[in-house]
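To start, the structure under review is shown below, and the notes come after it.
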Amino acid sequence: MNLNISLSEFVEFMAALSLFFAILQTASHRLDFAIKTYTAQSIALSITMFLSVFYYFDYELILSAVLTLLIKGILIPFVMKKITDKIVEDENVKPFVNFTYSVLICIFIVIFSFYITSNTFYCSTDNGTMQKVLAIGLSIIFVGIFLMLARKKALIQIIGFLTLENGIILGATSTVKGLPLIVEIGVFFDVFVGAIMAGILIFHIKDTLESIDTSKLSDLKE
């Protein structure tokens, strides 16, 4: 019993750590720091998924955790770093919403997400651990959406999308023991290929506008 409580606390801690890194992205002033926080977020997510194996005794989650670590914790950050290194320009993040307000909005998002899940889902079999993890997953989804809308640079917007996808994976893990393995593998590789294609698109934006600031797309004329 004591082991169960301790395990549930560790699951909650790792999920909360994943949310912390997602929020930290919105306070980031530099692209390289945003990539590092995304990497840390994905690693925390993979650990959370691995620990969930001991709740569900579903050993497919081990492979899901390993794929998350390899693709989202190593390969995608590597691609993002290569893109950043090749784009020679100021790496400072340009926000539509300033960093202080961004953090405050994220705090509101977390409160809202916990309110929704507490009034929609009830779980008594695991001391509410997976209900809390679901709320955290929902928070990460909303933070990812906010990051896409509140930042001007295309690379940060891509990181926002990848953060959103992390939230979906965490939410799925907490409610339905994760997605079916074959679907999950397909999603992981789709996201990886999407990240590469997004990198190519960023290079084209850079060549056309001499910047990756998406607010300058309005300057294009037919």
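The values are calculated or read from the model by the stated rules, or taken from the named source; none is laboratory data. Only a predicted model underlies this, so the values are computations on that prediction, with no experimental measurement involved. Neighbour counts are summed over all protein chains in view; Cβ atoms, including those assigned to glycine, are modelled from backbone coordinates with ideal geometry.
The set of residues in the stretch 59-102 that are more than 20 Å from the chain's Cα centre (by Cα) and at pLDDT below 70 comprises Ile87, Val88, Glu89, Asp90, Glu91, Asn92.
How many residues are part of a helix (DSSP H, G or I), of a type outside the set (Asp, Glu) and surrounded by fewer than 21 Cβ atoms within 10 Å (Cβ to Cβ) when one looks only at the stretch 24-36?
Residues of the stretch 24-36 that are part of a helix (DSSP H, G or I), as a first pass: 24-26, 31-36.
This time we only want the ones that are of a type outside the set (Asp, Glu), so: 24-26, 31, 33-36.
Cutting the leftovers down to surrounded by fewer than 21 Cβ atoms within 10 Å (Cβ to Cβ) gives us 24, 33, 36.
Going through the stretch 24-36 one residue at a time, the tally reaches 3.
Do we find a residue being surrounded by fewer than 16 Cβ atoms within 10 Å (Cβ to Cβ) and either in contact with a Cys (Cβ under 9 Å, 6 or more places away or on another chain) or modelled with pLDDT under 90 (or both) anywhere in the stretch 149-156? Yes, the stretch 149-156 contains at least one residue that is surrounded by fewer than 16 Cβ atoms within 10 Å (Cβ to Cβ) and either in contact with a Cys (Cβ under 9 Å, 6 or more places away or on another chain) or modelled with pLDDT under 90 (or both). Checking each residue in the stretch 40-70 for being surrounded by fewer than 20 Cβ atoms within 10 Å (Cβ to Cβ) and within 17 Å of Phe161 (Cα to Cα) picks out only Ala40.
For Gly199, indicate whether it is modelled with pLDDT under 80, small (Gly, Ala, Ser) and in a helix (DSSP H, G or I). Yes, satisfied.
On the stretch given as the stretch 1-58, residues that are at pLDDT 85 or above and small (Gly, Ala, Ser) total 9.
The single condition among (1) over 19 Å from Thr84 (Cα atoms); (2) in contact with a Leu (Cβ under 8 Å, 6 or more places away or on another chain); (3) β-branched (Val, Ile, Thr) that Thr26 does not meet is (1). Note on the stretch 23-37: residues that are without any contact (Cβ under 8 Å) to a residue 60 or more places away in the chain and either within 12 Å of Leu147 (Cα to Cα) or not charged (D, E, K, R) (or both) amount to 3.
Evaluation of Ala40 against the conditions (1) touching a residue at least 40 places away in the same chain (Cβ under 8 Å); (2) under 24 Å from Lys152 (Cβ atoms); (3) not hydroxyl-bearing (Ser, Thr, Tyr) shows that the sole unmet condition is (1).
Quick check on Val110: is it of a type outside the set (Asp, Glu), closer than 16 Å to Ala22 by Cα and either at pLDDT 75 or above or more than 18 Å from the chain's Cα centre (by Cα) (or both)? Taking the combined requirement at face value, the residue satisfies it.
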